[in-house]
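Inspection log for the structure reproduced underneath, given as structure tokens.
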Amino acid sequence: MIRSVIVCLLALLSIPSSASAQSCVANPVAVQILGSGGPAINRDRASTSYLLWIDAQAKILVDMGGGAFLRFGQAQAKLSDLSLVAISHLHPDHVSDLPALLWLSHRARKDQLPIAGPSGNDVAPGFPMFLSRLFDEKNGAFQVLGPTLGATQGQLGGGVRLDVGVVDVTKAEPSTVFDKQGVTVTALGIPHGNLPTLAYRVQTRDVSIVLSSDQTGTNPRFVEFARGANVLVMHLAIAAGTINPLHASPAVVGRVAQDAGVGRLIVSHIGQFDLDAAIAELKKFYTGPLTVGADLQCTPVQ
Ligand SMILES: [Zn+2]
Ligand SMILES: [Zn+2]
């Protein structure tokens with residue numbers, strides 16, 4: 001009784017607690033939101049990041065926006081448990097905490113860390129070039145992280161060696177990014193202005209989770225990609241009744257989820273606008289189970 005009152009009080013005060021992580025551990029497959037916000041400064045929401053828990057271990061990390069480094073710790077996730085880091089695109093609200101995650105990561109993990117991201121075009125480098133510009137031991141912004149790309153581990157610096165993959169965003173069909181230990185991850189290029197961007201689908205233990213990332217929702221192939229997912233995470237980035245060249249309106253988010261026939265829709269990457277109005281607009285098009293995302297929130301996938 002007293003415990004449940006304390007839990008309720010913590011929820012009311014929006015104090016992140018390790019209880020969220022505990023509920024993820026209790027499920028065979030669960031998705032945890034590390035950052036439910038977008039690029040705007042927000043008291044309660046870190047920028048975008050998601051963690052997939054499989055058999056009580058944090059296995060797949062999707063995106064690493066600002067604040068996700070702290071949330072990763074609060075979730076009690078372990079670097080040594082990760083099978084894959086999947087980056088959707090190179091907007092800072094999706095990737096800016098990556099150097100923080102990797103700095104001195106060799107102390108927490110010995111095995112190479114698989115990491116994947118999108119191919120490039122004239123407005124963004126391909127993912128291997130992005131990493132090289134950050135971490136190259138001679139020309140990178142963080143030369144001390146050179147070991148992540150194969151330099152000799154120094155006494156004063158370093159990071160775990162990365163196993164870098166790149167996904168061609170122009171391919172019409174999904175690409176397989178990871179296929180091991182009963183976990184399959186595929187990726188599909190999606191429209192997000194002219195910035196190369198990927199959605200990811202994780203299939204494991206007879207369930208599937210799709211992470212839409214930032215997109216306009218105008219690629220019909222994405223609906224096929226998300227078809228029948230047990231959980232679909234989509235981004236509610238703009239207000240009801242608005243349009244934007246980078247993001248889907250709440251109405252489009254609802255329509256995509258409805259058309260894909262998903263088991264549950266989670267909305268995340270939530271901007272600072274009238275959320276109730278946005279949800280009301282979305283619900284005109286989507287009639288299934290809906291979760292409004294929050295940092296450290298854990299949703300069982302079943
Ligand atoms: Zn974003
Ligand atoms: Zn973006």
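Structure above, values below:
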| read-out | value |
| --- | --- |
| Near pairs, Cβ below 7 angstrom, 6+ apart or cross-chain, from the stretch 203-216 (under 18 Å from Leu51 (Cβ atoms) and within 16 Å of ligand 1 (Cβ to nearest atom)) to any residue that is outside any strand (DSSP E or B) and open to solvent by less than 10 Å² (accessible area, probe 1.4 Å) | Ser213/Ser88; Ser213/His89; Ser213/Thr197 |
| Residues being surrounded by 24 or more Cβ atoms within 10 Å (Cβ to Cβ) and within 15 Å of ligand 1 (Cβ to nearest atom) - total across the stretch 94-104 | 4 |
| Those strands (runs of 3 or more DSSP E) lying entirely in the stretch 46-149 with at least 2 residues within 16 Å of ligand 2 (Cβ to nearest atom) and farther than 18 Å from Gly189 by Cα | 49-54 |
| Residue in the stretch 175-183 that is touching a Ser or Thr at 6+ places or on another chain (Cβ under 7 Å), under 19 Å from Asp63 (Cβ atoms), part of a strand (DSSP E or B) and within 16 Å of ligand 1 (Cβ to nearest atom) present | no |
| Residue under evaluation Ala229, criteria (1) out of contact with any Leu (no Cβ under 8 Å at 6 or more places or on another chain); (2) within 15 Å of ligand 2 (Cβ to nearest atom); (3) under 30 Å from Asp55 (Cβ atoms), criterion not met | (2) |
| Scope the stretch 209-223; condition touching a helix residue (DSSP H, G or I) at 6+ places or on another chain (Cβ under 9 Å) and open to solvent by less than 40 Å² (accessible area, probe 1.4 Å); matching residues | Val210, Ser212, Ser213, Asp214, Gln215, Thr216, Gly217, Asn219, Phe222, Val223 |
| Tally, over the stretch 139-184, of residues that are within 19 Å of Leu113 (Cβ to Cβ) and in contact with a Lys or Arg (Cβ under 7 Å, 6 or more places away or on another chain) | 6 |
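The values are calculated or read from the model by the stated rules, or taken from the named source; none is laboratory data. Computed from a prediction, not measured in an experiment: that's the story for all the values here. All Cβ positions, glycine included, derive from the backbone under ideal geometry; neighbour counts span all protein chains shown. Note: accessible area is taken over every heavy atom of the protein model, side chains too, but ligands, DNA and RNA are not part of it. Shrake-Rupley method; radii C 1.70, N 1.55, O 1.52, S 1.80 Å.
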